[in-house]
1. Within the range 66-83, which residues are under 11 Å from LEU93 (Cα atoms) and surrounded by 11 or more Cβ atoms within 10 Å (Cβ to Cβ)?
Amino acid sequence: MRRRPLLRAAAVGGGAYLAGKRTAQRQAGQQYQDAAQDQRIGDLEQQQAAVPAPRGSGEQPPPSVAGQLSQLADLHQQGVLSDDEFAAAKAKLLGT
């Protein structure tokens, strides 16, 4: 009669052992995936930091506000921009 309690304890203990083992395996797999992703992100950040922004001698500095306003006025006079579009672009450029 003593066998049944021992078998029951062995079955419960074995089930708990397997469940714990599976949980540990899933956690290890997730940690491996996280570490691999962190490594890839770090590699990409290093590549971006190592490659400076291209600046050739042929590049021109960004146009001034006055230059941009004159371009907008030219586009407006040519009919490319409507009155509303011109006013909106001018306000955006001037920050108002």
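The values are calculated or read from the model by the stated rules, or taken from the named source; none is laboratory data. Remember, it's a predicted structure, so these values are computed and weren't measured experimentally. No Cβ is skipped: glycine too gets one built from the backbone with ideal geometry, and neighbour counts run over all protein chains shown.
1. Within the range 66-83, GLN68, LEU69, LEU72 qualify.
Conditions (1) in the same structural domain as ALA89 (by TED's automatic domain parsing); (2) at pLDDT 85 or above; (3) in a helix (DSSP H, G or I), marked per residue:
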{"position": "LEU6", "(1), (2), (3)": "no, no, yes"}
{"position": "ALA16", "(1), (2), (3)": "no, yes, yes"}
{"position": "GLN30", "(1), (2), (3)": "no, yes, yes"}
{"position": "ASP34", "(1), (2), (3)": "no, yes, yes"}
{"position": "GLN37", "(1), (2), (3)": "no, yes, yes"}
{"position": "ILE41", "(1), (2), (3)": "no, yes, yes"}
{"position": "LEU44", "(1), (2), (3)": "no, no, yes"}
{"position": "ARG55", "(1), (2), (3)": "no, no, no"}
